[in-house]
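A short worksheet on the structure shown next.
The values are calculated or read from the model by the stated rules, or taken from the named source; none is laboratory data. Keep in mind it's a predicted model, so treat the numbers as computed, not measured. Note that each Cβ is placed from the backbone with ideal geometry, even for glycine, and that neighbours are counted across all protein chains shown.
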Amino acid sequence: MKLNVLNLDAAHAGEVEVSDFVFGIEAIRNDILARVVNWQLAKRRAGTHKVQTRNENSRTGKKMYKQKGSGGARHGSRRAPQFVGGSRAFGPVVRDHGFDLQKKVRSLGLRHALSSKFNDGALIVLDTAVAASPKTSELKARFEKLGVKNALFITGADVDANFAMASRNIPNIDVLPTAGLNVYDILRRHTLVLTKDAVAAIEARFKVEA
């Protein structure tokens with residue numbers, strides 16, 4: 001199928017051919033998208049939250065009182081979690097929250113994310129994403145012509161320096177190279193904007209699978 005190509009001034013700049021294998025999935029699998037997003041977010045977690053365990057608590061380890069004769073329960077240390085100043089029971093420890101997800105599921109999730117934007121009419125193809133100057137006001141005015149307020153831009157192999165600087169102060173606008181394309185960032189923005197170079201790279205990436 002063919003998609004219209006625009007420039008940053010919203011003028012027609014030709015057409016580009018895309019495959020149904022990547023952009024033409026009609027029955028979007030939300031469960032696949034959820035699996036990939038959860039996998040991505042789990043990998044981002046630092047897992048550095050931690051509490052002191054009993055062997056790390058600085059309180060004394062001396063027996064609180066004699067074993068028998070007090071009429072109370074038997075205790076051997078004030079580090080136990082039931083005492084004020086004691087250690088926390090079953091608290092978080094440093095760990096890795098990531099888990100494995102099959103490559104075919106990750107690949108399928110990306111194709112479903114791309115197709116969902118096409119199905120929603122929220123996919124725009126640009127000829128290039130290059131700014132003449134790093135002025136935010138100029139680029140914002142061009143975005144208004146495109147009707148873009150909340151979008152992810154995939155600019156190709158590299159991101160133009162002026163375009164990156166001009167866009168980074170605009171709320172709800174993300175700019176990534178093709179290598180940074182991912183399901184979470186696609187879904188968190190309303191519109192997906194791809195350059196012709198990005199489309200070509202995506203098509204080449206999935207050509208072997210097709």
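State which residue pairs qualify: first residue more than 26 Å from Asn182 (Cβ to Cβ) and inside the range 1-24, second residue basic (Lys, Arg) and surrounded by fewer than 11 Cβ atoms within 10 Å (Cβ to Cβ) in any location, beta carbons under 7 Å apart, and separation of 6 or more residues or different chains.
Sorted first by the residue in the range 1-24, then by its partner, the pairs are Glu15/Lys2.
Rundown of residues vs (1) touching a residue at least 24 places away in the same chain (Cβ under 8 Å); (2) acidic (Asp, Glu); (3) out of contact with any Leu (no Cβ under 7 Å at 6 or more places or on another chain), yes/no style:
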{"site": "Glu138", "(1), (2), (3)": "yes, yes, yes"}
{"site": "Arg142", "(1), (2), (3)": "yes, no, no"}
{"site": "Gly147", "(1), (2), (3)": "yes, no, yes"}
{"site": "Gly156", "(1), (2), (3)": "yes, no, yes"}
{"site": "Thr178", "(1), (2), (3)": "yes, no, yes"}
{"site": "Asp185", "(1), (2), (3)": "yes, yes, no"}
{"site": "Thr195", "(1), (2), (3)": "yes, no, no"}
{"site": "Val199", "(1), (2), (3)": "yes, no, yes"}
{"site": "Glu203", "(1), (2), (3)": "yes, yes, yes"}
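Can you pull out the residues in the range 19-33 that are surrounded by 12 or more Cβ atoms within 10 Å (Cβ to Cβ) and either among the hydrophobic types (A, V, I, L, M, F, W, C) or in a strand (DSSP E or B) (or both)?
Phe21, Val22, Phe23, Ile25, Ile28, Ile32, Leu33
Show the residue pairs that are 6+ apart or on different chains and have beta-carbon atoms under 7 Å apart, the first residue being within the range 78-99 and more than 25 Å from Arg45 (Cα to Cα), the second being surrounded by 11 or more Cβ atoms within 10 Å (Cβ to Cβ) and among the hydrophobic types (A, V, I, L, M, F, W, C).
From the range 78-99, the pairs are Arg78/Met64; Pro81/Ala89; Gly86/Ala80.
So which of Val36, Val5, Val51, Val16 is of a type in the set (Val, Ile, Thr) and either assigned to a helix (DSSP H, G or I) or in contact with a Phe, Trp or Tyr (Cβ under 7 Å, 6 or more places away or on another chain) (or both)? Don't jump to the end; show me each part of the working.
Details: Val5 fails: either assigned to a helix (DSSP H, G or I) or in contact with a Phe, Trp or Tyr (Cβ under 7 Å, 6 or more places away or on another chain) (or both); Val51 fails: either assigned to a helix (DSSP H, G or I) or in contact with a Phe, Trp or Tyr (Cβ under 7 Å, 6 or more places away or on another chain) (or both); Val16 fails: either assigned to a helix (DSSP H, G or I) or in contact with a Phe, Trp or Tyr (Cβ under 7 Å, 6 or more places away or on another chain) (or both).
After ruling out the rest, the residue left standing is Val36.
Residue-by-condition table, conditions (1) assigned to a loop (DSSP other than H, G, I, E, B); (2) modelled with pLDDT under 90; (3) exposed (fewer than 12 other Cβ atoms within 10 Å of the Cβ):
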site	(1), (2), (3)
Arg59	yes, yes, no
Lys62	yes, yes, yes
Gly71	yes, no, yes
Pro92	yes, no, yes
Asp96	yes, no, yes
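Taking the options Gly86, Gly69, Gly98, Gly47, name whichever one is touching a Lys or Arg at 6+ places or on another chain (Cβ under 8 Å), over 29 Å from Ile186 (Cα atoms) and not β-branched (Val, Ile, Thr). First the steps, then the outcome.
Values: Gly69 fails: touching a Lys or Arg at 6+ places or on another chain (Cβ under 8 Å); Gly98 fails: over 29 Å from Ile186 (Cα atoms); Gly47 fails: over 29 Å from Ile186 (Cα atoms).
None of the others qualify; the one that does is Gly86.
From Asp158, Asp174, grab the single residue that is of a type in the set (Asp, Glu), closer than 24 Å to Glu17 by Cβ and assigned by TED's automatic domain parsing to the domain that holds Phe23.
Asp158
Mind listing whichever residues of the range 42-57 are loosely packed, with under 12 Cβ neighbours inside 10 Å and among the hydrophobic types (A, V, I, L, M, F, W, C)?
The initial filter retains those residues of the range 42-57 that are loosely packed, with under 12 Cβ neighbours inside 10 Å, namely 44, 46, 48-49, 55-56.
Passing the criteria: only Ala46.
So how many residues does the range 153-165 have that are aliphatic (A, V, I, L, M) and farther than 15 Å from Asp197 by Cα?
Adding up the residues that qualify gives 3.
Restricting the first residue to the range 34-53 and requiring it to be touching a residue at least 12 places away in the same chain (Cβ under 8 Å), which pairs with a second residue that is among the acidic types (Asp, Glu) and assigned to a loop (DSSP other than H, G, I, E, B) meet a Cβ separation below 7 Å and a spacing of at least six or different chains?
Going by the 7 Å Cβ cut-off, the qualifying pairs are Gly47/Asp96.
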